[in-house]
Amino acid sequence: MARPHSHSHLSLLLLLRLLLLLPATAAASYSSLCHSPSAAPDALGGSPPLTLPWTSTGHFSGGGDLHFAQDRYYPHAFYFSPRSTSATTDPAVTHLSATLTLEGTHLAGRHHGDPHSVSFDLEGYYSTATGELCMVGSGSYARDDGFGVVLLSAAVLRLTVPRHANLSAPFVTGRLAGANFNPVSLVAYAEDGYEYGETASCPPPSGARRVLPVTAAGFSCGRLRALLGRYSYGLDYKPGVHAAASGFFPLRRGHRSMYINQVRCSAAAEDNAVRAYMVFYTDEPAAAPSNYTGRRWGRGREFLVGDEALVAEGFWDASRSRLCLRACRVTVASSGGQSGADDLAVSECGSIGVSFWFPAVWSVRDRSVAAGMIWNATGGNSDGDASAAGVITVSRTGGSYRGNMSDIKYNYTLVEDAKKQYDAMPELSKERKGRFPGNSYSYRDFAFGFYLKKQGGLPAGSGYAWPVTIGSAFVEGNGLIADAAFGAEEVNNKQRLLNVSYGLRYQVMNSTAKSPLIRRISAEGVYDTKTGSLCMVACQQVTNGSSSDCDVLITVQFAPMDGMARERAVGTISSLRKKTDPLFFEALEFVGDGGMYVEQEAEAISRMDMESLMLVSSMLLSCAFTALQLRHVKNHPEALPATSTTMLVVLALGYAIPLVLNLEDTYRDNNDRRRQYFFRLASGGLLELNGLVLRVTTVLALVLQLRLLHLAMSSRRSTTDDQAGRSKHGGVERSTLWVCLPLYALGAVAVWIAHMTDAKPGPALVGDLAAYAGLLLDGFLLPQVVRNALSGNSKVRPALSPWFYAGVAAIRAAPHAYDAFRKRGYAPSWRTSTMYVYASPRDDIFGVGWDVAVPCGAALLVAVLFLQQRRGGAFGEKNSRRPGEYEMVSTLSS
């Protein structure tokens, strides 16, 4: 199915050329499609164009007849890119041309979430007096079958840009229409020309609340935006809010998640002015993140339209390290129909207060990276009154704090309960053989992904567990800072039982919902460094995240670091409540994936770098030995007719097959795996560089081998002019082929039978055959030995240089010797066997038997060939010759 995509790319390039060659028909049709602003001639003398209070990206809705899926949990973004602007004779009008691109998901994609885009080439005018923009042009998108494009004519874009954007008018809105499709609604958050209104106020908090002084070194909008993050915020409605049946004031509906989608700051940094746009969703929290974090085709922070939104402005209070905002409600009204256009209405400005801060104290019940409140600013409530009606608390626990975690203090509150559970289970304290993650290793060894087992009819799921603190060291957040904190803890703490805290997130399929059910757990307890056992008491979110069940027990048993276990860890999540309790749940067993420990990763990367050097060195030696053979036949041209062309073809194919099948896949796969660990171990790009060198040397070896083959075939026509001589050489070569070819075919059939017996997937057959081709290359001397034997006891020319046949044979035998050594000196996990660069299973057939048979077979062939070239094809004595003696061949024609 890759062919249509390649044709679509070609079609798009051709379309681009077509658009560039189109005449300026847009100007002619502008007056008929756009009534305002009026077209004006470009000003003479190159007057500078007006600055546009513009937006580069926004949200579109509709587009069903443009093949966009009407899935609101995937971003439907538009991107506006002006290509040129010029002033006109009207001082208030700017002439511009631009490209408008709509990006979303395909209506009938083969897989959910296939990208789809439509581009428009537009030209028109923008008026600063009215804030109106109108442009006309044409568009196109790729056909579903990938062959050609669909053209869209008479497209017209109308946008209304606020002359002075403010809290009550913060959006750029408009429509895109055309002759071939229904109107598409556009909305964006104004980026420039914003005017702040009255100052917001934050009532003083009640009680002692420690917050991080995140702007102690000075206010930074970029840092504030990063701290507020792009992760989901959970909402906790106070009892008074739930009692307000009329509408969950200050929000209209009971939402489950919130995202801070846009954060902008004043150009004058000294006033600390900030404005923001927050989006709320009522559906499962699992659905909304995919709408926000973007996918492989996203360009960045897309503008979102949820079930409800708040637009706010205010300031950063540096003295109290709080963001104080006053907000307006933004309601979303869908027009329905095929266009599905969404309209945003701003109302109740100033009646809602919003505040955010960054807590400096964490515990198992509160690990908020960022926290805040939304309250009714007109009702006299403050965030200090937790029981007041109309107060909603928000918190973000997802993601990590992008700063120095040493500023945060962690309070262990459930460790003693976890120790009691640990003492009650003797199997956790029973010492086991092997080394386990502990003080002397990386904190990253404590993190693992896992899969839930099917039990009691509950569908399987997956999740991830990561350490938050180990002892007094914070290991969540910035990697370099976490490394330093863990290193200090390693020096100061040598205890067997370590206090630890964890975060877990897993999902299970819910038969009553379309999306998986997400569970988040905060846990803390003790870890036994001698047994690799972890015992924790945890709090699991329930009832949509507004409360927690802290009677949950988690036990984990890590695999030894020096073992070969397929499972990194095994564990159980169980309830400490009675079965009659409404919050009781059946135990969930999980299995950690087979990922490597950091120590194993370091060893694997070092080995991969060494193997890549060995592979390049082998190919360089192959080039050198082939060059020596070319020198040999140059000095002794009479040896060429005695060289087996079957052998030379086998060698040429041996160099060509990796270029066609294996080489690209080998280095792409290993580089992908290596990049997974690159953020952990900065070991440079040696493997990537060697991959490039290997490609070059493989091509060089192939060229040299083809040159040798060409000389061998040409020599038989030039040095053997008589018909009898040609028949003799041709007959011997044909006999050699008839002997070797059935052996090769028989081996291929055996490989196919073994493949079918193992019931491997279809693509694996190609890998098996590629490995078999490597085995044939190991015995590349077989055709030459057979040819010499079929020549009888006649004197055999030294067709091959000893450097060539002995050297290449040694190169082919070396991977098998290394594989035997690697099995004894390197104990990989079950996954690291797929990370072999040299002596890879895709390049040859390896195993205990083959690692012995291949070197012995290669040595035997070398010995036989040596005796043949020295004593005769069948080791005859009568026609033996002295070393360096060549058979005299008549050149007289009959």
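Measuring from a point 7 Å past the Cα of D271 along Cα-to-C-beta, which residues in the range 143-172 have an amide N at less than 18 Å?
In the range 143-172, the label zone of D271 (backbone N under 18 Å from the point 7 Å along Cα→Cβ) covers 163-170.
Order the peptides 629-638, 89-98, 427-436 from the highest to the lowest mean number of other Cβ atoms within 10 Å of their residues. Could the numbers behind the result be given before it?
Values: 629-638: 15.8, 89-98: 17.9, 427-436: 13.5.
Top of the packing list down: 89-98, 629-638, 427-436.
Measure up K419/K578; K433/K578; K530/K579; K238/K420; K430/K453 against 32 Å on the Cα-Cα distance and list the ones that go over. Could you put the intermediate results ahead of the total?
Working: K419/K578 20 Å; K433/K578 36 Å; K530/K579 34 Å; K238/K420 34 Å; K430/K453 25 Å.
In this structure, K433/K578; K530/K579; K238/K420 exceed 32 Å between Cα atoms.
May I ask you to derive the FRET efficiency for L628 and L692 from their Cβ-Cβ distance with R0 = 30 Å, giving the value to the nearest 0.05?
Details: r = 26 Å, r/R0 = 0.85.
The formula returns an efficiency of 0.75 here.
Given a Förster distance of 30 Å, report the FRET efficiency between L44 and T130 from their Cβ-Cβ distance, rounded to the nearest 0.05.
0.75
What distance in nm separates the simple spin-label points at E198 and Y464, each placed 7 Å from Cα in the Cβ direction?
Taking the simple label geometry, E198 and Y464 are separated by 4.6 nm.
By average Cβ neighbour count within 10 Å, what is the ranking of 140-149, 351-360, 614-623 from highest down? Before the final figure, lay out the partial values.
Working: 140-149: 16.6, 351-360: 22.7, 614-623: 19.1.
The peptides rank, most packed first, as 351-360, 614-623, 140-149.
Tell me the label-point distance for the pair E191, A177, using the 7 Å Cα-to-Cβ offset, in nm and rounded to one decimal.
For E191 paired with A177, the spin-label model returns 2.8 nm.
Modelled label-to-label distance, S29 and D343, 7 Å Cα→beta-carbon offset: nm?
2.8
Please work out how much length the chain gains when fully extended from S429 to E589, using 0.36 nm per residue of separation minus the C-alpha to C-alpha distance, in nm with one decimal. Could you put the intermediate results ahead of the total?
Details: separation 160, 0.36 × 160 = 57.60 nm, distance 1.99 nm.
Length gained, S429 through E589: 55.6 nm.
Quick one: which of 168-179, 773-784 comes out on top by average Cβ neighbours within 10 Å, and what's the full order, highest first? It would help to have the intermediate numbers written out before the result.
Working: 168-179: 19.5, 773-784: 22.6.
The packing order, highest mean first, is 773-784, 168-179.
As a test of reading the structure, rank E567, E524 by solvent-accessible area (1.4 Å probe, protein chains only), most first.
E567, E524
Once the Cβ-Cβ distance between E638 and F147 is put in as r, and R0 is 41 Å, what FRET efficiency do you end up with, to the nearest 0.05? Provide the component values of the computation, followed by the final result.
Details: r = 58 Å, r/R0 = 1.42.
For E638 and F147, the calculated efficiency is 0.10.
The values are calculated or read from the model by the stated rules, or taken from the named source; none is laboratory data. Given the structure is predicted, the values throughout are model-derived calculations rather than measurements. Here Cβ is always computed from backbone atoms with ideal geometry, including for glycine, and neighbour counts include all displayed protein chains. What goes into the accessible areas is simple: the full protein's heavy atoms, side chains included, and nothing from ligands, DNA or RNA. Shrake-Rupley method; radii C 1.70, N 1.55, O 1.52, S 1.80 Å.
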